[in-house]
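J.: Could you have a look at this structure, given as structure tokens, before my questions?
The values are calculated or read from the model by the stated rules, or taken from the named source; none is laboratory data. The structure displayed is predicted, hence computed values, not measured ones. Using ideal geometry, Cβ is built from the backbone for each residue, glycine included, and neighbour counts are taken over all protein chains shown.
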Amino acid sequence: MRKSVKRILIAVGILSLVLLFSNEQLASRLFGGYQSSTANLLPGNIAIPTARTIIWKTKSAFADSICNQWAAKAISDKNLDGKGNVPRILLAKLWMKQDIPEVNKTIMKLTAWGISGSSWALNKKGDYDFSITIYTTILYLFGDQPALLYPETKEHLLKVLLTEEGNKFRSTAPRTLGLAPETENHILMTEGSRYLKNRWLMNHGSNDQKYDNLQNGMEEKLLVFMNKMRTNGLYEFNSLPYIGYTITALLNLEAFGSDKLKVEARKVLDYMNWTYALGSYQLKHYPPMRRRYEKAGIKEITTDYQSIFMKSWLSFSPVSDYDKDISSGEVHALMGAIMPYRPADKVVEIIFDKVNGYFVKLGHGPKSSPEIYSAGEKFLISAGGVNRGERSIIVARPITLFLNDHAGHLSQTFHLAGPGTDFKEWNNTGVFENFACAAGPVSVPSGFKPVAVNEAWNIFQTKDSLMIAVHSTPDLGILVIFGNQNPQVLVKRLMEANPNPEILKSQFQFPAGCKIDFDLDAPKDKWVIKSVDGKPLDRDFDRWPLISGN
């Protein structure tokens, strides 16, 4: 009998492993560099700004429109179960003080439809933490307002819907035999909600020590976890769709946690928003990202989920003239509109004004892709990054030039990538100051016509009098930014400085400036840029600091 049981357990274990290894998302955490997220990166020479002197408005017509849009959504008994938008609709209705009896009645009907953590073949009812996170927000915003959240409704939230409590901090995905690390967004949603339920109960009279986050270790574990995110960067960097849920969980902790936890959550948000500001221009943002491959076809450049949060926050700022399209991410606009967090001053400033420019490199650790940005007055060059193998789940993007315009789609930008069209074959890290190169042609937006041309170069002029020099062949694209000057003189000087087309495949000489050596066939763990004026550069971006540059 014991042998039979043992055989059954072994068979179940083997089957579990087979299913685990065949799941792309889970297997990537085992073999795709997830452990590199615990590598100790150097901080670099660029500090994360925290100063806050902006006087933020207490009301925002744009934020109110978001809340009203959500509050107007209908709820039927057919969509009460599952990972849908019902919790956010309820949150919006409570926030706008609409349909209060119906909201409470609906909450009383809700059940815990699944369990927290990643869903996969052996955990098909996972992802319940997506709902728990918003239920936690509802509890904290309205739990002490019995006219809005009735006492019996609050009890239903605590006893039925908020299923995570105590000290069972889980860092691995459910039913993976403890082998697959859980992702950042799930850890923050699940364990953040567990922590906040504990905190609520302790602050409302419970003497049960299992809810004491200091004694049960929950506070320390969350502090350590968030500190690693802040000092080592995110594993799920720029992730679609997960960055939105990571931010949502952090907003809860920043608003409702202990003083220590508030500070640490704010530090992580500040890091994320500072790197966003460095890598975006006027809310145009198209960086390399980790997870998911099916999102690689997205070509919109102003509606990723972090941009959606930023648009909500900015509506409370003195800034008014910006793209307010939230059509691709309204699911996250609501939390941005309701929660109290606001970005640091420098974040708001540098999104819209690159002043005299900068050149920065963002490290993401071993087996990952860096982010590289070159900015100047009225432009930003955004490197597309590099895929590090099938298991890395890193989506490389084209190198993209953002200008002072209203572009909302990749086709409306100058961009370059290569070789070929498969992003898994690209190493689009060929960006230096005012310079970009790739093993493929430069795409020019339809509205631009060259103002000067020769056999090697086309010069395009922007409305801000920037000069964009383009050299483009099927297997070589070069894009260089110059300030205002005579385009006919510039095209001539470029030809004089770079007369040999064979040399141009690996070396570019700025007229009266520096010489850049590059390798378009660079391996996927090396920066395409090799040297400047003969001085070798540190090309091993697996070891780059968190944020460095000038």
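J.: Limited to region 90-108, what total is found for residues that are in a helix (DSSP H, G or I) and in contact with a helix residue (DSSP H, G or I) (Cβ under 6 Å, 6 or more places away or on another chain)?
T.: 10
J.: Tell me yes or no: at least one residue of region 194-214 is within 23 Å of the chain's Cα centre (by Cα) and buried (at least 23 other Cβ atoms within 10 Å of the Cβ).
T.: No, every residue in region 194-214 fails to be within 23 Å of the chain's Cα centre (by Cα) and buried (at least 23 other Cβ atoms within 10 Å of the Cβ).
J.: With (1) surrounded by fewer than 18 Cβ atoms within 10 Å (Cβ to Cβ); (2) over 20 Å from Gly279 (Cβ atoms) as the list, and Asn404 as the residue in question, which single condition is left unmet?
T.: Of everything listed in (1) surrounded by fewer than 18 Cβ atoms within 10 Å (Cβ to Cβ); (2) over 20 Å from Gly279 (Cβ atoms), Asn404 misses just condition (2).
J.: Tell me, yes or no, whether region 123-134 has at least one residue that is closer than 20 Å to Glu254 by Cα, without any contact (Cβ under 8 Å) to a residue 24 or more places away in the chain and of a type in the set (D, E, K, R).
T.: No - not one qualifying residue is present in region 123-134.
J.: Let me ask something additional. Checking the condition of a type outside the set (Phe, Trp, Tyr), modelled with pLDDT of 95 or more, touching an Asp or Glu at 6+ places or on another chain (Cβ under 9 Å) and surrounded by fewer than 22 Cβ atoms within 10 Å (Cβ to Cβ), which residue from Pro340, Pro287 passes?
T.: So the residue among Pro340, Pro287 that is of a type outside the set (Phe, Trp, Tyr), modelled with pLDDT of 95 or more, touching an Asp or Glu at 6+ places or on another chain (Cβ under 9 Å) and surrounded by fewer than 22 Cβ atoms within 10 Å (Cβ to Cβ) is Pro340.
J.: Give the residues of region 61-79 that are exposed (fewer than 15 other Cβ atoms within 10 Å of the Cβ), within 29 Å of Gly126 (Cβ to Cβ) and hydrophobic (A, V, I, L, M, F, W, C), sorted by residue number.
T.: Passing the criteria: only Ala74.
J.: Please go through region 478-501 and pick out each residue that is closer than 16 Å to Trp457 by Cβ and part of a loop (DSSP other than H, G, I, E, B).
T.: Gln485, Asn486, Asn498, Pro499, Asn500, Pro501
J.: OK, next. If I ask for residues that are of a type outside the set (Asp, Glu), more than 19 Å from Ile338 (Cβ to Cβ) and touching a helix residue (DSSP H, G or I) at 6+ places or on another chain (Cβ under 9 Å), which ones from region 142-152 would you list?
T.: Pro146, Tyr150
J.: Yes or no: region 256-265 includes at least one residue that is small (Gly, Ala, Ser), under 30 Å from Ala407 (Cα atoms), modelled with pLDDT of 95 or more and out of contact with any Asp or Glu (no Cβ under 6 Å at 6 or more places or on another chain).
T.: No, region 256-265 contains no residue that is small (Gly, Ala, Ser), under 30 Å from Ala407 (Cα atoms), modelled with pLDDT of 95 or more and out of contact with any Asp or Glu (no Cβ under 6 Å at 6 or more places or on another chain).
J.: How do the pairs read when you match residues in region 147-161 that are in the same structural domain as Leu94 (by TED's automatic domain parsing) and of a type in the set (Lys, Arg) with residues anywhere that are surrounded by 14 or more Cβ atoms within 10 Å (Cβ to Cβ) and modelled with pLDDT of 95 or more, using Cβ under 6 Å and keeping only pairs 6 or more apart or on different chains?
T.: Here the result reads Lys154/Gly143, each pair linking region 147-161 to a residue that is surrounded by 14 or more Cβ atoms within 10 Å (Cβ to Cβ) and modelled with pLDDT of 95 or more.
J.: Can I ask one more? Looking at region 131-146, which of its residues are of a type outside the set (Asp, Glu) and surrounded by fewer than 21 Cβ atoms within 10 Å (Cβ to Cβ)?
T.: Within region 131-146, Tyr140, Leu141, Gly143, Gln145, Pro146 meet the criteria.
Conditions (1) among the aliphatic types (A, V, I, L, M); (2) part of a helix (DSSP H, G or I); (3) closer than 28 Å to Phe414 by Cα, marked per residue:
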site	(1), (2), (3)
Ser193	no, yes, no
Leu201	yes, yes, no
Gly205	no, no, no
Tyr235	no, no, no
Lys260	no, yes, no
Ala265	yes, yes, no
Asp270	no, yes, no
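J.: Just the residues that are part of a loop (DSSP other than H, G, I, E, B) and either on the phi > 0 side of the Ramachandran plot or in contact (Cβ under 8 Å) with a residue 12 or more places away in the chain (or both), please, taken from region 207-233.
T.: Within region 207-233, Asp212, Asn213, Asn216, Gly217, Gly233 qualify.
J.: Here's something else I'd like to know. Please verify whether region 523-537 includes one or more residues that are in a loop (DSSP other than H, G, I, E, B) and either among the hydroxyl-bearing types (Ser, Thr, Tyr) or out of contact with any strand residue (DSSP E or B) (no Cβ under 9 Å at 6 or more places or on another chain) (or both).
T.: No.
J.: Of the residues Asp517, Asp542, Asp475, only one is closer than 30 Å to Lys424 by Cα and under 30 Å from the mean Cα position of the chain (by Cα); which?
T.: Asp542
J.: I'm trying to understand the selection: among the residues of region 343-373, which are buried (at least 22 other Cβ atoms within 10 Å of the Cβ), among the β-branched types (Val, Ile, Thr) and either part of a helix (DSSP H, G or I) or in the same structural domain as Ile247 (by TED's automatic domain parsing) (or both)?
T.: Val347, Val348, Ile351, listed by residue number.
J.: Restrict the check to region 311-328 and report whether at least one residue is assigned to a loop (DSSP other than H, G, I, E, B) and closer than 25 Å to Ala436 by Cβ.
T.: Yes - at least one qualifying residue is present in region 311-328.
J.: Has region 294-309 got any residue that is in contact with a Leu (Cβ under 9 Å, 6 or more places away or on another chain), under 21 Å from Asn434 (Cβ atoms) and surrounded by 22 or more Cβ atoms within 10 Å (Cβ to Cβ)?
T.: Within region 294-309, one or more residues are in contact with a Leu (Cβ under 9 Å, 6 or more places away or on another chain), under 21 Å from Asn434 (Cβ atoms) and surrounded by 22 or more Cβ atoms within 10 Å (Cβ to Cβ).
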